[in-house]
Amino acid sequence: MKESTKIMFRKHGVRVDRFIHNYIYFLFYYPYVKTVRFLLYILKYLTWFQPLAPVGRMAFSRYHAKVLSFSDTRKIFELNRDIRVIAEENKQIIPFKYATKIVFQEPEYIAVMDCPCKKSNHADEADINSCIAVGKGLATFWLDHCKKYNARKISQEEALDIIRRLRAKNHITQAFFKVATGGSTGVICNCHPDTCVSLQATMLTRKIEKNVSQSAASGYSLVQDSEKCNGCGQCVTACAFDCISYNGGSRKYDRNACMGCELCVEKCPQNALSLYVDPEKPLPLDLDKLMTIN
């Protein structure tokens, strides 16, 4: 057994079932996600079936992702020390029932491999190699077992370059928290609504159960400097969550729908937009402030 497999086994402790799930999940990453995508295709024709709502609530309360602003993402890829925060207070940041551990061990050790969502949805070939593992345990497992998905070791700066390039193409940065992967973060993905199975699952399930999401908001909302704004509409184009619109020259902003991804801020040519910490949303995954709540 390879050392990276032993690390994964120890990570799950007595939950051997979760180790097996974790092992299968990454070893068969592409067919696993392709199967989920097929199930979503079927779900599309069953959104009228209300008894499915409890299933959606149960699944989405267990895990999935935390939207990140670029500033919070950059802090993850500039880490030079381990962070291990396992506490009930983490649910202020990741408001799911399970999978809320914030763990980055040996964060300078990073790998990237092909994204099964992008591959399943026939994304641009140049964008596929974009799933990022932060931490030696997970990154080494990818390098040992996922060569068929073009896993390769990269530096922190190379990871940030990938993220910058994809954010320029309206990809949302997310940290994933899965029960199957030990209930902790470590996987940072670059998700586009057209190709991300997780985002698509949320959109479909909301037709059955309105207030569910596989993604937790970043913790930020948007503020506009009306004197700088010239109504160019770049923010509308950048927004994947339909929270910004212009109607007859009047700008409308749906704060509740906003996930605080920061893409509109980056795309605004007039620098008229900025983020603020919204007290009515989950706390940001801001590593500088993380220790103050634990």
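Out of the residues in region 244-273 meeting the condition of being within 11 Å of SER69 (Cβ to Cβ) and either assigned by TED's automatic domain parsing to the domain that holds LYS169 or of a type in the set (Asp, Glu) (or both), tell me which one is surrounded by the fewest Cβ atoms within 10 Å (Cβ to Cβ).
Only one residue fits best here, namely GLU266.
Using the structure shown, decide if SER71 is of a type in the set (S, T, N, Q), at pLDDT 85 or above, assigned by TED's automatic domain parsing to the domain that holds ILE132 and out of contact with any strand residue (DSSP E or B) (no Cβ under 8 Å at 6 or more places or on another chain).
yes
Any residue at all in region 86-100 that's hydrophobic (A, V, I, L, M, F, W, C) and on the phi > 0 side of the Ramachandran plot?
Yes, there is a match, as at least one residue in region 86-100 is hydrophobic (A, V, I, L, M, F, W, C) and on the phi > 0 side of the Ramachandran plot.
Could you go through region 273-293 and let me know if any residue there is modelled with pLDDT under 95, farther than 22 Å from PHE177 by Cα and more than 23 Å from the chain's Cα centre (by Cα).
no
This table checks each residue for (1) of a type in the set (D, E, K, R); (2) farther than 17 Å from PHE177 by Cα; (3) not in a strand (DSSP E or B).
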| residue | (1), (2), (3) |
| --- | --- |
| TYR98 | no, no, yes |
| MET113 | no, yes, no |
| LYS118 | yes, yes, yes |
| HIS122 | no, yes, yes |
| ALA126 | no, yes, yes |
| ILE132 | no, no, no |
| THR140 | no, yes, yes |
| LYS153 | yes, yes, no |
| LEU160 | no, yes, yes |
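Would you call LYS228 over 30 Å from LYS101 (Cα atoms) and of a type in the set (D, E, K, R)?
yes
Yes/no matrix, rows are residues, columns are (1) part of a helix (DSSP H, G or I); (2) of a type in the set (D, E, K, R); (3) without any contact (Cβ under 8 Å) to a residue 24 or more places away in the chain:
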{"residue": "THR5", "(1), (2), (3)": "yes, no, no"}
{"residue": "ARG10", "(1), (2), (3)": "yes, yes, yes"}
{"residue": "ASP17", "(1), (2), (3)": "yes, yes, yes"}
{"residue": "ILE20", "(1), (2), (3)": "yes, no, yes"}
{"residue": "ILE24", "(1), (2), (3)": "yes, no, yes"}
{"residue": "VAL33", "(1), (2), (3)": "yes, no, no"}
{"residue": "ARG37", "(1), (2), (3)": "yes, yes, no"}
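The values are calculated or read from the model by the stated rules, or taken from the named source; none is laboratory data. What you see is a predicted model, and the numbers here were worked out from it, not measured in a lab. Using ideal geometry, Cβ is built from the backbone for each residue, glycine included, and neighbour counts are taken over all protein chains shown.
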